[in-house]
Every structure is written in structure tokens, then in C-alpha cells.
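Report on one structure; see the data block that follows.
The values are calculated or read from the model by the stated rules, or taken from the named source; none is laboratory data. Worth saying up front: this structure is predicted, and the values here are computed from it rather than measured. Please note: Cβ atoms are built from the backbone with ideal geometry, for glycine as well, and neighbour counts cover all protein chains shown. SASA here: full protein model, heavy atoms, side chains in, ligands and nucleic acids out. Shrake-Rupley method; radii C 1.70, N 1.55, O 1.52, S 1.80 Å.
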Amino acid sequence: MTEVPTESDIASEAAITTETSTWKNSMKLAIRDSKTLMDALGLAPEQMAANGLAEQQFPVFVPLEFLSRMRQKDPTDPLLLQVLAQDTEMDIAQSYHQDPVGDSLVEVAPGLLHKYRGRVLMIVSGACAVHCRYCFRRHYPYNTAPKRFEDWLPSLDYIRNDSTIHEVILSGGDPLTVTDDRLAELVEHLDAIPHLARLRIHTRLPVVIPQRVDDALCRWLSATRLSKWVVLHINHANEIDGGVVDAIRRLQSCGAIVLNQAVLLRDINDSVKALSELCERLVNLGVLPYYLHQLDRVAGAQHFEVDESQGLHLVSELAKRLPGFAVPKYVVEISGEASKSPILPEHRLAFLE
Ligand SMILES: *Cc1c(COP(=O)(O)O)cnc(C)c1O
Ligand code: SF4
């Protein structure tokens, strides 16, 4: 399960500069229970369908910066619905599993997943800056994720010994919950592996706490020779405020190409309006909408699922309204496949067979 860094983890960082302590402070001040969340939005507890069991299993975690983009007194707010614990999470449907995408089968070193050719995914942290209720990694055994630099050494050895690997994806949890000193050290080691060409970072932190993209982060990111790809995770246009725009500009100015992935979520972004506003907003900021994911069937998330037929309809409507580069690839992750699998309309499938 996703964990939150403890006070002592944060305090143990030897040299906290004023600059980097800002985002760490936001982590400390984050809301950690549904009641406080509802109070902050002026909602009564009765408006929340929850008896507390769901949040015992996967705690609520919402930084104030993310809260500030939610509408007051609106129980249907698309940002609130992503983070609010609900009783329906406890009704587990048959086809929903703890590890829906087969991650445990492809772990080649502690915290290193080698699932697809040419690229590996490193789980550098078990912590996140927000807890998304639909997260497919909500049951991942993060307590086994590496905690100290030495814990990454087996992964670095694996990467060094396989010259077919050209790209390392820093993921989690959220890799940017790790301090810049440690990330800088890790990236320096990756930089020294000659067959690596690309560094990719999968993160939601620049969206949730935009001040995470500070000078210290830009320093190590700008310094690497590797080509830099940052994949954000934004599901709704309301998540993008002025702070997020600044964070995106800063990432771009330190040489990163910024992409976005979204998850198709019932009652959150399952409309032509919501998706087209999101994609248009992104491309206007120079961010490419990369993937629209069909929900992974993780136990506890079934109430977020949108039918594939509806998803296909939405994507075809986007294609009629937006430039081609603004339309994300609609994909699903199937355990054992060589890549994410595109979801295609039936007439296209018939053509392929
Ligand atoms: C999604 C994923 C990737 C990256 O896939 P791309 O299609 O290149 O974005 C890599 N490794 C793992 C384990 C993944 O789940
Ligand atoms: S979706 Fe990303 S940010 Fe949200 S809980 Fe999962 S790993 Fe963390």
C-alpha cells in the first residue's frame, strides 16, 4: 500500500534549505482524513458515503494546494471524487485483483520492473503526494520498495548489465517524493551507463504540489546528458491552475519534454466536454496528451470504470474536434502483453484479424 513519509523521514534529511522545505511542508500539512476534507469544503459528513473502512485500508491524503482547486460545497467535484474514500471501495467485484497488471511477475531486482523491451521502470519511492482512490498500485507492497541508496544498487547493476535497455523510467509511488540530493545521485549513476539514452519520470507531484519543481530539481534535471521526458498525470482541466502552469514551464525550461497520461474515470472525465477541455488545455501549454488509460481492474476501484464502448465513443468525438496530436492513445494494460494494448473500434479489429 502507498505510504506517506513520516515526520522523522522528512526531519532526517540533513540539510533542508528554505527552498526545498516548501514542498516538504506541504506534504506535512496535507489533509489525512475524510472528515477534515469534507469540513474544508463545507460539506456535511452525511454527504459522504463512507463508514471509514475504505480509508483504513488506503488512507486519505490530499495536500492543501490540490484542495484549493476543488469547488466548495460540491460533492460531485471532479477533483474531490478522485481522492474521497467511499464505502463502494469495499465491494470487490470478481474480476478485480490486488495486482491487476502483473507487476509482481516482471520484477527483476527489488523495485525494478522489466516488462517492455528497451525500458525498465524503477520504483524509487513508495510514497505519493496524493492518494488517488483508483490507483492500480494501491495494493503494491511498497514497504519492500528501496529506502536507501544502497537498495538501488541491484537495479543499477541489472541496468548496467543489459545493453538492450535504453530508457529508465523513475516511478513509484511518486519518484519526486524523494529528496533532490538522492535523485541527483541516482541520476548521476544512470548518466554514467553508456547504453542509456533516455530518462523518463512518471510523476503527479508537479500537479499536486507545483512548488516541487524548484531550483534544486531543475539543477539535476538540466545536468543529465540523457534526453528527458516527464509524464504527468492530470485527469481533469480543473487540476491545472496558475501554479501548475508555472511548474510545467519550469520543467520545459530545464529541457524536459512534458507529456500527460490520464485515466478514464466515471463521473470525473467521462464526457466529451471534460476530455476535450483537458486535452486542449494541455496542448496549449505544450504538453502532449500521451495515454488515456482504461481503468486497471484493481480491487476497490470498480465504481470508477467506464465501458470500453463509451471510451471509444469519447475518443472518436475528440478526434472530430481536436488536432491529431491532441488526441491521446486509448489503451489498456493486459498482463503478459509486449506493450500497452490499444483499444480499437470493432471495424478496426475486424480489419486487423
Ligand atoms: C507502462 C509501463 C512502461 C512504459 O510503457 P510505455 O508504453 O513506454 O509508456 C514501462 N514499464 C512498465 C512496467 C509499465 O507499466
Ligand atoms: S495514481 Fe499516481 S499519484 Fe495517485 S496514488 Fe497512484 S501512484 Fe500515487
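Observations on the model:
- What a 1.4 Å probe finds exposed on the chain is 54% carbon and sulfur by accessible area, rounded to a whole percent.
- Simple spin-label estimate for HIS166 and LEU105 gives 2.6 nm between the two label positions (7 Å along the Cα-to-Cβ direction from each Cα).
- Prolate/oblate/rounded call for the chain, Cα gyration tensor, a/c under 1.5 rounded: rounded
- Relative contact order of the chain, defined on C-alpha pairs under 8 angstrom at six or more residues apart (%): 17
- Cross-link pairs exceeding 26 Å in C-alpha to C-alpha distance, out of LYS228/LYS273; LYS228/LYS340; LYS115/LYS329; LYS35/LYS147, comprise LYS228/LYS273; LYS35/LYS147.
- Residues whose amide H falls under 5 Å from that of VAL130, counting only those 5 or more places apart or on a different chain, are absent, with hydrogens built in the peptide plane.
- Ranked by the mean number of other Cβ atoms within 10 Å of their residues, highest first, the peptides 73-86, 331-344 fall in the order 73-86, 331-344.
- Residues whose placed amide H lies under 5 Å from that of VAL263, excluding near-sequence neighbours: HIS293
- Taking every DSSP helix (H) stretch of at least 4 residues in the chain, weighting each as -39,500 (n - 2.57) and dividing the sum by the residue count yields a mean residue ellipticity at 222 nm of -9000 deg cm²/dmol.
- Counting DSSP beta bridges with both ends in segment 103-352, the antiparallel % (nearest 5): 20
- Cβ-placed point charges (K, R +1; D, E -1), dipole of segment 199-353 about Cα centre in debye, nearest 20: 700
- Given charges at Cβ of Lys, Arg, Asp, Glu: the chain dipole, positive-most of LEU186, GLN47, ALA129: LEU186
- 5 Å binning of all Cα-Cα separations within segment 203-307, expressed as whole percents from 0 upward: 2, 12, 22, 22, 17, 12, 8, 5, 1
- Among ALA274, PRO328, ALA247 the positive-end extreme of the charge dipole of segment 103-352 (Cβ point charges): PRO328
- For the chain, the solvent-accessible area of protein heavy atoms averages 43 Å² per residue (probe radius 1.4 Å; ligands and nucleic acids excluded).
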